[in-house]
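Data first, discussion second: the structure below is written as structure tokens.
Computed from the coordinates by the stated procedures, all read-outs in this text should not be read as laboratory data. Since we're looking at a predicted model, the values are computed, not measured. Note: ideal-geometry Cβ built from the backbone for every residue, glycine included; neighbour counts use all protein chains shown.
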Amino acid sequence: MSAGIPFIPAAMLGILGHATGSLEHAFVAADCIFPALLFLLLWHILTPVTSTIALRLFLTWAALLVPFGLLNSIWLGDDALLAPLEFTRTPQPEISFVILLLAAMLLGRALQLATEWRWAVAAGIASGAVVYCYYFYAIAWGITLGALLLLGVIWKDRRLVRCSAVSLAAMIVLSVPFVIATLRGRMQGGQGELLARMGAATHRPAWLALLIAIGLTVALLRAGRPSYRVQPTFLVLGMLMIAAFYGMNFQIISGYETQPWHFWKRLAVPVAFILLEAGAANVISGFFAQSKKRLSVVANAALVILLLNTAARLCYAAVQSAPFHRASDPEISLVIWVRNNMAPGQVIGTVNPELILLLPALSANYNYVPSGLRSLTSTAEIESRYMEFACFLELKPEAVAEAAKLPSHRSRSSELLHVLGLSYVHDPVVYREFVNRYEREATSCQGPHWRLDAAIVSNAAQESAILRRFPRARVIYASNRYRLFDLRDN
């Protein structure tokens, strides 16, 4: 947590990995455990909405399967024919959304039951956990608790004030270590470099999101009190949805904006979906008030259609994506060999974007060319290291231009400029400047200037380049695609 990075999802995966024997099994276990936990939470939250079991089952399954990937659920998303369930993306939102929804449910219970202090403290502990899970959820949930506190003051509702204040105070106290770690990280120059690569320094508001937030706040202030008395959890969820829109404008205060779509896709849409289906369930239950049996039949039919549609899409996506999950994937095979056979702490050179991401993540070694998405190395040094190592391998400018060209949404890990942190979204200007710089530097290659213990090559030309500079280099790993040279004896 030295750089203020949320650690609870990683810790949970580590615990699962220890229990199951491998990190791969941990991800599989997480895909079973956390959707089941979310299902139980949704079932509990939706219990007051309807007493018809069949309808509640449909609502719960729909809230789990649909809102995190609305277009994908009807086969229309960009990656609908390849992607798994959006909710099962680990760790976000699979782990973090469960903890966030748990905090909302506990606060709702505190507002409803006589033993409010006990539930409010429990909600506060869960709120503190949210801080250590996901930056965007932490901001939105903090805004939610603060707004509920103000709402309680305006409505002169002492219970709402007490429960919100206790939960917010607990969240603040529990977040102190994280805040200290974050501030300590910000004092490191590299932390600012990483933030600059992932977002933009600006106070400019997102006007549409801000206007929506203000409008919904006014509506909740005027019309939310009656429903709050009956179903307080839905008041909490309503405020959480509004907080997502306020979160899209957090840069007004912080001066830093980074990927606001996280607030929309992983918070506003799912919570709004839960609220809308709860409202629709009230209307539908009223329509079938005289025939609950017919309601059960309709709900069961809708549930069967939903599950069959989801199963069909996932089976089709699995067939389409199966070639990309081969156990003999050359990159994974190489990384696993490095992890099992090389001493930790060695510096390995490669220009392959996927290996740049995988090597430090799955082995205890370093890249000669760091990833701009994860490293605290300065952007200038990352770019210089890439240029230097590409020159060292005697890559032609045309090869570098080809590697850096237009990204593909379906293969993020192969996008060079994205991996280096130079362009999160493809920018023709960044691309041209990058290519032009290499064309200039390729005429007078020097280096490597930094420590280099091993190098990965993918063709005979690169191998020859290695041996010209390091005649005593020896191959320690070879596959049909890669060779790994040990350079330490030169």
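Structure notes:
- Once the chain from SER285 to ASN340 is taken as fully extended at 0.36 nm per residue, the excess over their C-alpha distance is 13.9 nm.
- Put simply, the amide H of ASN365, placed in the peptide plane, has neighbours under 5 Å in GLY345, leaving out anything fewer than 5 places away on its chain.
- Label-to-label distance, nm, for residues given as VAL319 and ALA181 (7 Å Cα→Cβ offset): 4.5 nm
- Rg over Rh for region 430-483 works out to 1.04, using Cα positions for both radii and the Kirkwood form for Rh.
- Gained length - THR115 relative to LEU376, 0.36 nm times residue gap less alpha-carbon distance: 89.3 nm
- Highest-first packing order for the peptide set 162-172, 451-461 is 162-172, 451-461, based on the mean count of other beta carbon atoms within 10 Å.
- By the Cβ distance rule of under 4.7 Å, the chain has these cysteines without a partner: CYS32, CYS133, CYS163, CYS315.
- Highest mean packing comes first when the peptides 216-227, 48-59, 234-245, 139-150 are listed by Cβ atoms within 10 Å, giving 234-245, 139-150, 48-59, 216-227.
- Here the dipole of the chain is about 1500 debye; that uses its Cα centre as origin and unit charges on the Cβ of Lys and Arg (positive) and Asp and Glu (negative).
- Look at where the Cα atoms of region 122-153 and of region 433-490 average out, and the two centres are 50 Å apart.
- Packing-based order for 206-215, 61-70, using average beta carbon neighbours within 10 Å, highest first: 61-70, 206-215
- Paramagnetic reach from ALA361 (point 7 Å along Cα→Cβ, amide N under 19 Å) across region 90-105: 90-96
- Positive-end extreme of charge dipole, region 330-486 - chosen from VAL347, GLN446, ALA380 (charges on Cβ): VAL347
- A simple spin-label model places pseudo-atoms 7 Å from Cα toward Cβ; at VAL218 and ILE5 they are separated by 4.4 nm.
- For region 330-486, the spread of Cα positions along the three principal axes, ordered from largest to smallest, is 41, 32, 29 Å.
- A cut-off of 5 Å between modelled amide H atoms, ignoring neighbours fewer than 5 places along the same chain, links VAL66 with no other residue.
- Under the Karplus curve 6.51 cos²θ - 1.76 cosθ + 1.60, θ = phi - 60°, whole-Hz ³J(HN,Hα) for region 224-236, x wherever Gly or Pro sits: x, 5, x, 5, 4, 4, 8, 9, x, 4, 6, 5, 4
- Virtual spin-label span in nm between ASN480 and GLU394, 7 Å along Cα→Cβ: 2.7 nm
- In the chain, the calculated helix contribution to ellipticity at 222 nm averages -21000 deg cm²/dmol per residue, counting -39,500 (n - 2.57) for every DSSP H run with n ≥ 4.
- For region 452-465, backbone phi angles converted through the Karplus equation (6.51, -1.76, 1.60; θ = phi - 60°) give residue-by-residue couplings of 8, 9, 8, 9, 10, 10, 10, 7, 5, 5, 5, 4, 5, 4 Hz, Gly and Pro being listed as x.
- Derived scalar couplings ³J(HN,Hα) [region 466-478; Karplus, 6.51 cos²θ - 1.76 cosθ + 1.60; whole Hz; x for Gly, Pro]: 4, 5, 5, 8, 10, x, 9, 5, 10, 7, 10, 8, 9
- Square roots of 5 times each gyration tensor eigenvalue, C-alpha, region 130-258, largest first, Å: 30, 19, 10
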